[in-house]
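S.K.: Have a look at this one.
The values are calculated or read from the model by the stated rules, or taken from the named source; none is laboratory data. Predicted model, so just to flag it, every value in this text is computed and none were measured. Here the Cβ positions follow ideal geometry from the backbone for every residue, glycine too, while neighbour counts run over all protein chains shown.
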């Protein structure tokens, strides 16, 4: 999966924690993307089995989509905490974590998480 698809799934997960229902317009506003761009991405993710769309336009993650979204979200949270603990400004830490979360290997992330476990909690 591409980084952009991961970002869409993570955004839908985050929005679903804040809202009862998530629509494409909510995703567009949150990500500051155009509605046509979000519509194309949503259709692609739907076709690939990562999300469902109700007749009313409500987006829900499939088990497959939820798995990807939770993985990326966990990486984002943990990496942000590590960077903040190292003295990086919270806003910059979150931006950097967003860049790193898509490229870091599973092995490296697990090692970082294990090493920082008592440090970031």
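S.K.: Looking at the range 68-82, can you tell me whether even one residue there is part of a helix (DSSP H, G or I), in contact with a strand residue (DSSP E or B) (Cβ under 7 Å, 6 or more places away or on another chain), in contact (Cβ under 8 Å) with a residue 60 or more places away in the chain and closer than 30 Å to residue 119 by Cα?
M.R.: Step one: list which residues in the range 68-82 are part of a helix (DSSP H, G or I), which gives 68-82.
Then keep just the ones that are in contact with a strand residue (DSSP E or B) (Cβ under 7 Å, 6 or more places away or on another chain); that gives 69.
From the residues that got through so far, the ones that are in contact (Cβ under 8 Å) with a residue 60 or more places away in the chain too are 69.
Imposing the further condition that a residue be closer than 30 Å to residue 119 by Cα reduces the set to 69.
Scanning the range 68-82, I find at least one residue that is part of a helix (DSSP H, G or I), in contact with a strand residue (DSSP E or B) (Cβ under 7 Å, 6 or more places away or on another chain), in contact (Cβ under 8 Å) with a residue 60 or more places away in the chain and closer than 30 Å to residue 119 by Cα, so the answer is yes.
S.K.: Related question: Would you check which residues across the range 25-36 are farther than 18 Å from residue 68 by Cβ and not in a loop (DSSP other than H, G, I, E, B) and list them? Can you show your working first?
M.R.: Of the residues in the range 25-36, the ones farther than 18 Å from residue 68 by Cβ are 25-26, 28-29, 32-36.
Those that are farther than 18 Å from residue 68 by Cβ and not in a loop (DSSP other than H, G, I, E, B): 25, 26, 28, 29, 35, 36.
S.K.: Quick one: would you say residue 84 is on the phi < 0 side of the Ramachandran plot, more than 11 Å from the chain's Cα centre (by Cα), surrounded by 13 or more Cβ atoms within 10 Å (Cβ to Cβ) and assigned by TED's automatic domain parsing to the domain that holds residue 99? Talk me through it step by step, then tell me what you get.
M.R.: Working: on the phi < 0 side of the Ramachandran plot: yes; more than 11 Å from the chain's Cα centre (by Cα): yes; surrounded by 13 or more Cβ atoms within 10 Å (Cβ to Cβ): yes; assigned by TED's automatic domain parsing to the domain that holds residue 99: yes.
Yes: the conditions hold for residue 84.
S.K.: I need every pair where a residue in the range 31-51 that is on the phi > 0 side of the Ramachandran plot has its Cβ under 8 Å from the Cβ of a residue that is outside any loop (DSSP other than H, G, I, E, B) and surrounded by fewer than 18 Cβ atoms within 10 Å (Cβ to Cβ), sequence separation at least 6 or different chains.
M.R.: What qualifies is 49/64.
S.K.: Can you confirm whether the range 37-45 contains a residue that is within 15 Å of residue 67 (Cα to Cα) and in a helix (DSSP H, G or I)?
M.R.: Taking the range 37-45 as the starting set, the residues that turn out to be within 15 Å of residue 67 (Cα to Cα) are 45.
Remaining after also requiring in a helix (DSSP H, G or I): 45.
The answer is yes, given that some residue of the range 37-45 is within 15 Å of residue 67 (Cα to Cα) and in a helix (DSSP H, G or I).
S.K.: Moving to a separate point now. Is there a residue in the range 13-22 that is part of a helix (DSSP H, G or I), surrounded by fewer than 19 Cβ atoms within 10 Å (Cβ to Cβ) and in contact with a helix residue (DSSP H, G or I) (Cβ under 6 Å, 6 or more places away or on another chain)? Even if it seems obvious, please write down each step before you answer.
M.R.: The initial filter retains those residues of the range 13-22 that are part of a helix (DSSP H, G or I), namely 13-18.
Checking which are surrounded by fewer than 19 Cβ atoms within 10 Å (Cβ to Cβ) leaves us with 13-18.
Those still in the list that are in contact with a helix residue (DSSP H, G or I) (Cβ under 6 Å, 6 or more places away or on another chain) too: 13, 15.
Within the range 13-22, one or more residues are part of a helix (DSSP H, G or I), surrounded by fewer than 19 Cβ atoms within 10 Å (Cβ to Cβ) and in contact with a helix residue (DSSP H, G or I) (Cβ under 6 Å, 6 or more places away or on another chain).
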